[in-house]
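Heads up, the thing below is written out as structure tokens.
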Amino acid sequence: DPAILLEGVAKRYANGTLAVSGVDLAIGQGDFVALLGPSGCGKSTLLRIIAGLIPASSGKVTVSGGAGPEALGFVFQEPTLMPWASALKNVRLPLDLLGVARSEADARAAEALASVGLAGFETAYPRALSGGMKMRVSIARGLVTRPRLLLMDEPFAALDEITRQRLNDDLLALWQARTFTVVFVTHSVFESVYLSRRIIVMAPRPGRVAADRAVDAAYPRG
Ligand code: ADP
Ligand code: ADP
């Protein structure tokens, strides 16, 4: 079974904007897919449809394992951390929602923080963390349920180049160490070639798939 199957998916917003149209896609388990295209071409809309955050207007969306927090994690461009909660508590949130017992949730959240290089920052509050570190907390929160699917919407776009490159490498290392599928929205050609195994290019008006290419490991990895 593919991780994600989209059949004839379209999205028209309430104001009449046709954001996505005629999208047919199968994304394999464990793949790392970049969704590339200019601003406004429907990348975020498509990702939100896959995440179940918004409904498609037509077509069929199948996500292997469903759309619960144990099945998929979502990382937004803005880290969207709760400012009043420690890093650990922010990361623990999806486990709290799943009703995981406190001690187990704390242990798993600490492990997730360590996996993004933030061991020792459990009690730090978001305001005390740099942009890159906040994004790491956000990634840890996306991964804490060990989802089979990680959806990332321009996660590093607001960061400086060095931080971004470091996070790209760390994300690749995480992906290589475990089995999960990544769909990574970006408008950076470099980032899509660097990270992904497959690049799906979207074109605007209306958002549709314009090209779909396998990436032949352009850069040496792991
Ligand atoms: P991208 O992620 O590629 O920048 P989006 O999916 O955000 O593209 O947007 C695709 C199109 O849909 C754009 O024309 C955008 O203005 C429009 N759009 C996005 N969200 C909404 C919304 N909530 N209501 C109406 N139009 C929207
Ligand atoms: P990163 O990409 O690792 O998040 P940033 O450039 O955002 O790095 O980090 C800003 C500062 O925080 C840097 O001085 C960096 O060394 C420090 N920093 C980042 N992660 C850690 C960590 N895990 N432990 C200690 N210091 C860190």
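The values are calculated or read from the model by the stated rules, or taken from the named source; none is laboratory data. Quick caveat, the model's predicted, so the values are computed rather than measured. Quick reminder, even Gly has a Cβ in these numbers, built from the backbone with ideal geometry, and neighbours come from all protein chains shown. Each accessible area value is taken on the protein alone, full model and side chains, heavy atoms only, with ligands, DNA and RNA left out. Shrake-Rupley method; radii C 1.70, N 1.55, O 1.52, S 1.80 Å.
Is it true that Arg208 is at pLDDT below 95 and either touching a Pro at 6+ places or on another chain (Cβ under 7 Å) or open to solvent by 40 Å² or more (accessible area, probe 1.4 Å) (or both)? It is false that Arg208 is at pLDDT below 95 and either touching a Pro at 6+ places or on another chain (Cβ under 7 Å) or open to solvent by 40 Å² or more (accessible area, probe 1.4 Å) (or both). Asp96 meets the stated requirement of being of a type outside the set (A, V, I, L, M, F, W, C) and away from ligand 1 (no atom under 16 Å from the Cβ). From the list Asp24, Asp1, the one residue that fits, being touching a residue at least 60 places away in the same chain (Cβ under 8 Å), of a type in the set (D, E, K, R) and over 19 Å from Ala211 (Cβ atoms), is Asp1.
Within the range 182-201, one or more residues are in contact (Cβ under 8 Å) with a residue 24 or more places away in the chain, of a type in the set (S, T, N, Q) and assigned to a strand (DSSP E or B). Scanning the range 13-41 for residues that are farther than 26 Å from Ala177 by Cα, in a strand (DSSP E or B) and either within 16 Å of ligand 2 (Cβ to nearest atom) or in contact with a helix residue (DSSP H, G or I) (Cβ under 6 Å, 6 or more places away or on another chain) (or both) yields Ala19, Val20.
Taking the conditions (1) touching a residue at least 12 places away in the same chain (Cβ under 8 Å); (2) more than 12 Å from the chain's Cα centre (by Cα) in turn, Met152 satisfies each one other than (2). May I ask you to verify whether Ser44 is loosely packed, with under 15 Cβ neighbours inside 10 Å, away from ligand 2 (no atom under 16 Å from the Cβ) and not hydrophobic (A, V, I, L, M, F, W, C)? Against the criterion (loosely packed, with under 15 Cβ neighbours inside 10 Å, away from ligand 2 (no atom under 16 Å from the Cβ) and not hydrophobic (A, V, I, L, M, F, W, C)), Ser44 does not qualify. Checked against (1) crowded, with 16+ Cβ neighbours inside 10 Å; (2) near ligand 2 (Cβ under 8 Å from one of its atoms); (3) assigned to a helix (DSSP H, G or I), Ile139 meets all criteria but (2).
If we scan the range 148-159, do we find a residue that is surrounded by 16 or more Cβ atoms within 10 Å (Cβ to Cβ) and over 28 Å from Ala67 (Cα atoms)? Yes, because at least one residue in the range 148-159 is surrounded by 16 or more Cβ atoms within 10 Å (Cβ to Cβ) and over 28 Å from Ala67 (Cα atoms). Just to be sure, is Ile54 open to solvent by less than 20 Å² (accessible area, probe 1.4 Å) and either outside any helix (DSSP H, G or I) or more than 16 Å from ligand 1 (Cβ to nearest atom) (or both)? It is false that Ile54 is open to solvent by less than 20 Å² (accessible area, probe 1.4 Å) and either outside any helix (DSSP H, G or I) or more than 16 Å from ligand 1 (Cβ to nearest atom) (or both).
Applying the condition of being loosely packed, with under 15 Cβ neighbours inside 10 Å and more than 15 Å from Gly207 (Cα to Cα) to the range 1-27 and asking which residue is modelled with the lowest pLDDT yields Asp1.
Residues of the range 153-193 that are of a type outside the set (S, T, N, Q), away from ligand 2 (no atom under 16 Å from the Cβ) and closer than 13 Å to Ala34 by Cα: Asp153, Glu154, Val182, Val183, Phe184, Val185, His187, Val189, Phe190, Val193. For the range 167-205, how many residues meet the condition of being open to solvent by 50 Å² or more (accessible area, probe 1.4 Å) and in contact with a Phe, Trp or Tyr (Cβ under 7 Å, 6 or more places away or on another chain)? Number of matching residues: 1. Just one of the listed residues (Pro83, Pro79) is part of a loop (DSSP other than H, G, I, E, B) and surrounded by 15 or more Cβ atoms within 10 Å (Cβ to Cβ), namely Pro79.
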